[in-house]
Amino acid sequence: MNGAKCAHEGCDCQVQANGQYGKYCSEHCKDAKGMTELRCGCPHPACRV
Ligand SMILES: [Zn+2]
Ligand SMILES: [Zn+2]
Ligand SMILES: [Zn+2]
């Protein structure tokens with residue numbers, strides 16, 4: 001299975017099934033779990049508008 005969305009609320013990144021951050025797209029989202037962010041601060045283009 002691939003094309004899963006990042007598990008962090010507010011993040012719209014796609015996550016690789018075997019990504020190094022598990023169900024998160026980046027270390028940022030992994031650290032931010034439990035926090036509510038209006039805008040995701042991960043370093044991926046999808047979230048840096
Ligand atoms: Zn994001
Ligand atoms: Zn994310
Ligand atoms: Zn991301």
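Read-outs throughout are calculated quantities, based only on the coordinates presented, and are distinct from any laboratory measurement. This structure is a prediction, so every number in the text was calculated from the model and none was measured. Cβ coordinates were reconstructed from backbone atoms using ideal geometry, including for glycine residues, and neighbour counts include every protein chain displayed.
What to note about this one:
- Residue match in segment 29-39 (condition: assigned to a loop (DSSP other than H, G, I, E, B), in contact (Cβ under 8 Å) with a residue 24 or more places away in the chain, surrounded by 15 or more Cβ atoms within 10 Å (Cβ to Cβ) and within 11 Å of ligand 1 (Cβ to nearest atom)): yes
- For segment 40-49, a residue qualifies if it is assigned to a helix (DSSP H, G or I) and within 7 Å of ligand 3 (Cβ to nearest atom), and the qualifying residues are 46, 47.
- Scanning segment 1-28 for residues that are acidic (Asp, Glu), part of a loop (DSSP other than H, G, I, E, B) and more than 9 Å from ligand 2 (Cβ to nearest atom) gives a single hit, 9.
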